[in-house]
Amino acid sequence: MKLINTITNIAVAFAKWCGISTAFVMTVMIFLQVVYRYVLGESLSFSEELARYMFIWSVAMGSALALKTRSHIGVELLVERLPKSLGVQAKVLACAISLVFYAMLIWYGFEMVGETMEQESAALELPMGYVYLAVPLSAIVLFICEIKNVLDDLFGTQGEDESVKGE
């Protein structure tokens, strides 16, 4: 279990770093666009496009961080009414379906990245594959976090990684 905790912590640290840095760049770009437009009376040609791409990355990485803490919206009314053993099985089934979805995001996301590397964005002339790379990378983090969640549900080890950090 220590290995999955370590892998999860590394993946989450990557997602957190990406999410924070892209949100920061997005905020700076929007601020500069406002300053240029309303104070200097000019416009930055690339700021809106860069802010949009940074928003995509920050949302993708933020979704992975939300899964780590199980902060995504869920309908648990049915699961709460089931007997405990069936409730755990229902959660594991939902996690298995999610894992299949994340695996598809990884597979087709990398295909999409490969197909769009030659397409350039309008203002930045950046290969669009770099923008779309947010999809498979966030799906990898989602996949890892979901595996940890399944193991926590099956073996009741929630909170164990906090004790590992202190060692």
Q: Mind listing whichever residues of region 105-120 are aliphatic (A, V, I, L, M) and in a helix (DSSP H, G or I)?
A: 105, 106, 112, 113
Q: Please enumerate the residues belonging to region 92-107 that are farther than 27 Å from residue 82 by Cα and either under 14 Å from the mean Cα position of the chain (by Cα) or among the aliphatic types (A, V, I, L, M) (or both).
A: 103, 104, 105, 106
Q: Being at pLDDT 90 or above and among the aliphatic types (A, V, I, L, M) narrows it down to one of 64, 90, 96, so name that one.
A: 96
Q: Could you pull out the residue among 91, 84 that is closer than 25 Å to residue 9 by Cα and either among the basic types (Lys, Arg) or exposed (fewer than 14 other Cβ atoms within 10 Å of the Cβ) (or both)?
A: 91
Q. Which residues, taken from region 51-81, are over 30 Å from residue 28 (Cβ atoms) and open to solvent by less than 40 Å² (accessible area, probe 1.4 Å)?
A. 79
Q. Among (1) without any contact (Cβ under 8 Å) to a residue 40 or more places away in the chain; (2) β-branched (Val, Ile, Thr); (3) not in a loop (DSSP other than H, G, I, E, B), which single condition is residue 92 missing?
A. (1)
Q: With respect to residue 123, determine if the residue is of a type outside the set (Asp, Glu), open to solvent by less than 80 Å² (accessible area, probe 1.4 Å), in a helix (DSSP H, G or I) and over 23 Å from residue 155 (Cβ atoms).
A: no
Q. Is it the case that residue 15 is among the aliphatic types (A, V, I, L, M), in contact (Cβ under 8 Å) with a residue 12 or more places away in the chain, open to solvent by less than 50 Å² (accessible area, probe 1.4 Å) and over 26 Å from residue 148 (Cα atoms)?
A. no
**Q.** Single match in 43, 47 (criterion: modelled with pLDDT under 95, under 26 Å from residue 128 (Cβ atoms) and surrounded by 20 or more Cβ atoms within 10 Å (Cβ to Cβ))
**A.** 47
Q) Given the structure, is residue 113 touching a Phe, Trp or Tyr at 6+ places or on another chain (Cβ under 8 Å), farther than 20 Å from residue 30 by Cβ and either open to solvent by 50 Å² or more (accessible area, probe 1.4 Å) or among the hydrophobic types (A, V, I, L, M, F, W, C) (or both)? A) yes
Q.
Under 6 Å between Cβ atoms, which residue pairs at least 6 apart in sequence (or on different chains) link something in region 117-139 that is free of Cβ contacts under 8 Å to residues at least 24 places away in the same chain with a partner that is open to solvent by 40 Å² or more (accessible area, probe 1.4 Å) and of a type in the set (S, T, N, Q)?
A. 128/119
**Q.** Residues of region 32-84 satisfying the condition of being within 30 Å of residue 145 (Cα to Cα), assigned to a loop (DSSP other than H, G, I, E, B) and in contact (Cβ under 8 Å) with a residue 40 or more places away in the chain
**A.** 70
Q: Could you tell me whether any residue of region 19-26 is under 24 Å from the mean Cα position of the chain (by Cα) and at pLDDT below 90?
A: no
Q. Listed residues 130, 108; which is open to solvent by 40 Å² or more (accessible area, probe 1.4 Å) and closer than 27 Å to residue 25 by Cα?
A. 130
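The values are calculated or read from the model by the stated rules, or taken from the named source; none is laboratory data. Here the structure is a predicted model, which is why all the values come from computation and not from measurement. We place every Cβ from the backbone using ideal geometry, glycine too, and count neighbours over all the protein chains shown. With ligands, DNA and RNA removed, areas are computed over all heavy atoms of the protein, side chains included. Shrake-Rupley method; radii C 1.70, N 1.55, O 1.52, S 1.80 Å.
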